[in-house]
Amino acid sequence: MKHLSIKSLREWLQSHSSILCFLVSFFCLASALIFIPDTMEQCQSAQSATAAPGQIPKLNTSKLVRVGYVESRNFMEGMNDYAIKSGLAYDYLQKVSYYTNWDYDYIYGEWDEILQKLYNGEIDVMAGVSKTPEHMDKLLFPDYAMGIENYYIYVYNNSPLASKGIAGLTNRTVSVNRNTVMEDLLHQWNDMGNHQINIVTYSSNEARFRDFDARRTDATVDTDNNVVPENHMVPIARIGQTEYYLAFNRNRPDLVQELNTALGKMTSTDPYFTKKLSNTYFSGLAVSGQLQDDEINWLNDHPIITVAYLDDYLPFSATDEKGNVQGIINDLLNEMTRRLKIDDRVKFSFVPYPTYESMIASIQAGSVDMAFPANYDVARAEQSDVFLTTEVISTPMHLVYMGDFSHLQLRRMAVKNGNSIGDIYIRAHFPDAEILYYERIEGMLDAVKNGDVDACILNQFRKDGYLVHPSFSMLKTAPMKDYSSRCFAVKRGNNQLLSILNRGITNLPSDFGFTSTYTYTSKMKTMTLKDYILQHFILFMIVIGVITAVVSGLLAYIYLIHKNREQMEYIAHHDGLTGLFNRRSFNEDLEKLNPELGKGDVVMVAMDLNGLKRANDELGHEAGDELIIGAADCMKKILNPYGNVYRVGGDEFMAILYNNVHDWDDILKRLKEAFGSWSGKRVKSMAVAIGAANNYDSVYTNLNDMANSADQEMYKDKAEYYRRSGIDRRKR
């Protein structure tokens, strides 16, 4: 074969240069004609998709993320764009989007198919991917897993780092036990995330915590169930690994970085979110109530927070006769701001809305900052373009009907007009029923009573508030299987306010929302004389004499009012599980009974169950309830003759006794014998830490000081119990 020389090739190119220029120009023009129309069409489609008539436009800061969606029961359900989606992975992705402003485009398929698309870059992220060597070579993984979270970096809640988050750890010293899994995880986390922390290792917990307490190290690593609120430590970052992750295509490190930032904030506000999704319960977990810098800046820019609330919806929210907001919305916000220590810098402006739809629309329009109560429905929240906080309260739901349940045919059901929470619940559980709308709850119940509808649905609080009245005493109820949960809602993109609210909710006692409803249950419907007369019309017709009838009616009316108030008062001052007085009664008695200190002997007793968390975790919550009820029964049997016993917390009890203090040793002996001889069906024994204080051995100016002394003695007894039993209290 003959080869051209360099000189010959140069001469040939010079002689044919005009032809070559023509061919290059023709090729460029043809390419433009082929690709430019498609590009313009895509741009127009994108513009129409973001501003379609009648739709609420997305925020400019949102980012479209392609999600691989694989059908898996209770993990990912809803395999088309029109299906209602649910599952652990779906809820997890939605929660992430609240903090990242991601919008999702779901790509459906089988596992292998979707995983290959993730490798090829046809999708951006996939849930439930394990960290195998093969996956590590082809994919990007975040710092945080979707599964169980085990190890955290902690700081003290009064440390400046508590408000800085992960960014504040740069060049700081973090302590960890030497030659442990924690050390390996900490090095891996630091190297992979380039967090630039200084790792200091220790041979024992004692030495590590000695330096940490002395502030010679800035932070330390420990397990989540090893740290309780009493340690005054809050989590800053999680460093542990689990079996499955959100995995990203290698070309999307931007998404990994945004996810790491979002998960860092989620961890500090709700560290057990993924545990709740996987039905794993953790009690007493240390959480962060310290606001981070971006949240503080948001509050500085919003000294008055506008709150939309649903009117005429007690016990959650309503407007009183003076035009002020009432309901648990007040109790929640006051307690949350108090616990976050921002009650002196935040003020709320309340705006009532007659319907649920108008309330949600006010958030979308930006006329308010937040709303309550919102239905905790993640899928509908995405459709409504709002963010939901952690659940505030879960409400038992009841079917209200007339007659015999076995003959009940649910063809027509009543719903309060403007309350789409009830509407959605009925459509989900009784899709074939015809729905009739009424302006008031009384109208719904009258319709059930008169047979205009077959039934209606009420939450437990409304059931208790309305059916206690004579007008509806003939109605019957049946509990529904599914609860309905309520939360706060904020505008999409406002993750600073969302994070502040989640911090406040997480720091509330677990039953705060439920117990707050007691005050407002009796205010839903005031019983009138007309109620009683209509209910007992025949009785009034046969009673001889107008005066006798009027007097009888008034006496009966007064009696029922008194009985109703007694019931509400009992509920407000007693613990529902044990029948003991509750914390509210204890706090009131501490103030009311102070004069008794100068009149005679007073003994204050503090008691706390040992091992309740272990019973809950290993045997289930029914076993834990059995322990609590058994302990309460022993206390009532021995202590009730001498004073009052109170359940002031989950496993915490107090007693105020009026008896010769010299008899206390005998009472204590009988109390310990009662605890020691107790045995249940699920739990065979119990142990209770006990501490006591009296006004004979020491001088107290008030009962509160005496209660604190009893608490200290109880904690000494508890520590001695764990020392004797050889149990590490941090793990129990």
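Couple of notes before you dig in:
- Among the candidates Gly676, Gly649, Gly643, residue that is buried (at least 17 other Cβ atoms within 10 Å of the Cβ) and small (Gly, Ala, Ser): Gly643
- Tyr466 more than 31 Å from the chain's Cα centre (by Cα) and within 27 Å of Asn564 (Cα to Cα): no
- Among (1) closer than 21 Å to Asn587 by Cα; (2) touching a Leu at 6+ places or on another chain (Cβ under 7 Å); (3) free of Cβ contacts under 8 Å to residues at least 24 places away in the same chain - the single one Gln712 does not satisfy: (2)
- Applying the criterion of being at pLDDT 90 or above and in a loop (DSSP other than H, G, I, E, B) to the residues of segment 573-597, the residue that is surrounded by the fewest Cβ atoms within 10 Å (Cβ to Cβ) is Leu577.
- In segment 598-640, residue nearest to Ser677 (Cα to Cα) [restricted to those that are among the β-branched types (Val, Ile, Thr), at pLDDT 90 or above and crowded, with 17+ Cβ neighbours inside 10 Å]: Ile638
- Members of segment 707-719 found to be under 25 Å from Leu593 (Cβ atoms) and touching a helix residue (DSSP H, G or I) at 6+ places or on another chain (Cβ under 8 Å), listed by number: Ala707
- Scanning segment 661-691 for residues that are in contact with a strand residue (DSSP E or B) (Cβ under 6 Å, 6 or more places away or on another chain), assigned to a helix (DSSP H, G or I) and either of a type in the set (Lys, Arg) or over 18 Å from Ser709 (Cβ atoms) (or both) yields one hit, Phe675.
- Any chance Asp697 is part of a helix (DSSP H, G or I) and either free of Cβ contacts under 8 Å to residues at least 40 places away in the same chain or acidic (Asp, Glu) (or both): no
One line per residue, one yes/no per condition, for (1) surrounded by 15 or more Cβ atoms within 10 Å (Cβ to Cβ); (2) touching a residue at least 60 places away in the same chain (Cβ under 8 Å):
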residue	(1), (2)
Pro354	no, yes
Met359	yes, no
Asp369	yes, yes
Tyr376	yes, yes
Ala381	yes, yes
Leu388	yes, yes
Val392	yes, yes
Met397	yes, yes
Tyr401	yes, yes
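- Flag if Ala719 is in contact with a Lys or Arg (Cβ under 8 Å, 6 or more places away or on another chain) and either assigned by TED's automatic domain parsing to the domain that holds Phe512 or not basic (Lys, Arg) (or both): yes
- Every test in (1) in contact with a strand residue (DSSP E or B) (Cβ under 7 Å, 6 or more places away or on another chain); (2) assigned to a helix (DSSP H, G or I); (3) modelled with pLDDT under 80 is passed by Gln290 save one, and that test is (2).
- Restricting Gln44, Gln116 to those that are part of a helix (DSSP H, G or I), over 26 Å from Val490 (Cα atoms) and modelled with pLDDT under 90 reduces the list to Gln44.
- Residue count for segment 442-460 under the criterion of being in contact with a helix residue (DSSP H, G or I) (Cβ under 6 Å, 6 or more places away or on another chain) and closer than 24 Å to Ile561 by Cβ: the result is 1.
- Breaking point among (1) out of contact with any helix residue (DSSP H, G or I) (no Cβ under 6 Å at 6 or more places or on another chain); (2) closer than 19 Å to Met714 by Cβ; (3) of a type outside the set (S, T, N, Q), for Leu597: (2)
- For segment 520-533, a residue qualifies if it is surrounded by fewer than 17 Cβ atoms within 10 Å (Cβ to Cβ) and modelled with pLDDT of 70 or more, and exactly one does: Lys523.
- Qualifying residue in segment 653-664 (condition: at pLDDT 90 or above, surrounded by fewer than 17 Cβ atoms within 10 Å (Cβ to Cβ) and not polar (S, T, N, Q)): no
- Test result for Glu122, in contact with a helix residue (DSSP H, G or I) (Cβ under 9 Å, 6 or more places away or on another chain) and modelled with pLDDT under 80: no
- Residues within segment 87-113 that are β-branched (Val, Ile, Thr) and at pLDDT below 90, tallied: 0
- Filter result for Gly128 (among the small types (Gly, Ala, Ser), crowded, with 16+ Cβ neighbours inside 10 Å and modelled with pLDDT under 85): yes
- Scope segment 465-519; condition more than 30 Å from Leu399 (Cα to Cα) and of a type in the set (Asp, Glu); matching residues: none
- Residue count, segment 225-271 (criterion: buried (at least 21 other Cβ atoms within 10 Å of the Cβ), modelled with pLDDT under 85 and assigned to a helix (DSSP H, G or I)): 3
- Within segment 644-654, the set of residues being closer than 28 Å to Asp617 by Cβ and not in a loop (DSSP other than H, G, I, E, B) comprises Val645, Tyr646, Arg647, Glu652, Phe653, Met654.
- Residue satisfying all of: in segment 210-224; in contact with a helix residue (DSSP H, G or I) (Cβ under 9 Å, 6 or more places away or on another chain) and at pLDDT 85 or above; nearest to Ile727 (Cα to Cα) among these: Val221
- Residues that are closer than 24 Å to Val378 by Cβ and either buried (at least 24 other Cβ atoms within 10 Å of the Cβ) or modelled with pLDDT of 90 or more (or both) within segment 461-484 comprise just one, Met480.
- Odd one out for Asn708, checked against (1) part of a helix (DSSP H, G or I); (2) modelled with pLDDT under 90: (2)
- Residue count, segment 76-108 (criterion: under 18 Å from Tyr144 (Cβ atoms) and either of a type in the set (Ser, Thr, Tyr) or part of a loop (DSSP other than H, G, I, E, B) (or both)): 6
- When restricted to residues that are assigned to a loop (DSSP other than H, G, I, E, B) and in contact with a strand residue (DSSP E or B) (Cβ under 7 Å, 6 or more places away or on another chain), segment 172-218 contains 5.
The values are calculated or read from the model by the stated rules, or taken from the named source; none is laboratory data. Being a predicted model, the structure only gives us computed values, none of them experimental. Because the Cβ atoms are built from the backbone with ideal geometry, glycine has one as well, and the counts that use them run over all protein chains shown.
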